[in-house]
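**Q** The structure's right below; bear with me while I get my questions together.
The values are calculated or read from the model by the stated rules, or taken from the named source; none is laboratory data. Computed from a predicted structure; not experimentally measured. As a convention, Cβ positions derive from the backbone with ideal geometry for all residues, glycine included, and neighbour counts pool all protein chains shown. Accessible surface areas use protein heavy atoms only, side chains included; no ligands, DNA or RNA. Shrake-Rupley method; radii C 1.70, N 1.55, O 1.52, S 1.80 Å.
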Amino acid sequence: MTGRYLRHVVRAPEEIVIYFSLPIMFVLVFGYVFGSGMSVPGGGGYREFLIPGVFVMTMLYGIGATATAIAVDTGRGVLDRFRSMPMARSALITGRVLADLARALLETTVLLVCGLLVGWRWHHGTGPLLASIGLLLLLRLALSCAGVALGLVAPNPDTVSMIVFPLAFPLSAVSNVFVAPEMMPGWLGAVSEWNPISATTAAIRELNGNPGLGGETWAADHSLLLAVAWPVALIAVFGPLSVRLYRRLGR
């Protein structure tokens, strides 16, 4: 199943180009056009503050590719054929998730190169950098499980795009990706700090010594813990839910 999904990616490289273009556009627009007017708490360059958030945002918007692929297979009756085969009920979800992780690793590699070109650096060595990549893949794993569940309940692929953007955009906008929570109104800053996107972004900044660290709240002081706890909680919810929805197809 993993090989099947990876072959689909190879045969449709335009999808990768599209998903890459959005984070690169955010880097160019926010980093170069608005970056001179943005301030980072504690000082530091805005582009180095922004890049970790772009890494995380790319993982978030990958949920659209996952949900769309599952919805397409459902609409074409492919999943019904899989269900008639002597294969584990979880094989579909496992294969899709592993393919997403392989794709996420490729995306992260390309974004690391782009980040280096625009001024992002990791300051604490290779170990923290690898830990940051691990956190990104853990978040992508959780979001892939959610994407599978969404694709199984969506009536068609067109509906997926109508659902994903209204869900993903507020998560990325009301987070610390573009603006530090300390610069938001009190209640909005509190929501931002507890956002799972903010947790992974703050953890990556902390691991790599990037600007933007600060805050006196529990969430700000324990970003690494939240960066692990949020994805684990999402996997615990959407992993079993995806398998259950798959088993109920056609009933």
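**Q** Six or more apart or on different chains, Cβ under 8 Å: which pairs go from a residue in the stretch 126-143 that's farther than 13 Å from Thr58 by Cα to one that's of a type in the set (Phe, Trp, Tyr) and in a helix (DSSP H, G or I)? Could you list them?
**A** Ser132/Phe55; Ala142/Trp230; Ala142/Phe238
**Q** Can you go through Glu48, Glu15 and tell me which one is modelled with pLDDT under 80 and either surrounded by fewer than 19 Cβ atoms within 10 Å (Cβ to Cβ) or over 22 Å from Val160 (Cα atoms) (or both)?
**A** Of Glu48, Glu15, the one residue that is modelled with pLDDT under 80 and either surrounded by fewer than 19 Cβ atoms within 10 Å (Cβ to Cβ) or over 22 Å from Val160 (Cα atoms) (or both) is Glu15.
**Q** Against the conditions (1) open to solvent by less than 70 Å² (accessible area, probe 1.4 Å); (2) closer than 28 Å to Ala203 by Cβ, where does Met1 fall short? Just the number, please.
**A** (2)
**Q** Output the residues belonging to the stretch 171-223 that are farther than 19 Å from Ser39 by Cα and either open to solvent by 60 Å² or more (accessible area, probe 1.4 Å) or assigned to a loop (DSSP other than H, G, I, E, B) (or both).
**A** Passing the criteria: Leu171, Trp187, Val191, Trp194, Asn195, Thr217, Trp218, Asp221, His222.
**Q** Also, quick follow-up: Please give the helices (runs of 4 or more DSSP H) falling wholly within the stretch 30-139 in which 1 or more residues are within 17 Å of the chain's Cα centre (by Cα).
**A** In the stretch 30-139, 46-61, 63-75, 91-118 are the helices (runs of 4 or more DSSP H) which contain 1 or more residues that are within 17 Å of the chain's Cα centre (by Cα).
**Q** Further question on the same structure: Within the stretch 155-164, which residues are part of a helix (DSSP H, G or I), touching a Gly at 6+ places or on another chain (Cβ under 9 Å) and at pLDDT below 85?
**A** Within the stretch 155-164, Pro157, Ser161 meet the criteria.
**Q** Among (1) under 26 Å from Gly3 (Cβ atoms); (2) over 15 Å from the mean Cα position of the chain (by Cα); (3) open to solvent by 40 Å² or more (accessible area, probe 1.4 Å), which single condition is Pro155 missing?
**A** Just one mismatch for Pro155, condition (1).
**Q** List the number of the failed condition for Leu150; all other conditions in (1) free of Cβ contacts under 8 Å to residues at least 40 places away in the same chain; (2) among the aliphatic types (A, V, I, L, M); (3) surrounded by 20 or more Cβ atoms within 10 Å (Cβ to Cβ); (4) closer than 25 Å to Thr74 by Cα hold.
**A** In the conditions (1) free of Cβ contacts under 8 Å to residues at least 40 places away in the same chain; (2) among the aliphatic types (A, V, I, L, M); (3) surrounded by 20 or more Cβ atoms within 10 Å (Cβ to Cβ); (4) closer than 25 Å to Thr74 by Cα, Leu150 misses (1) alone.
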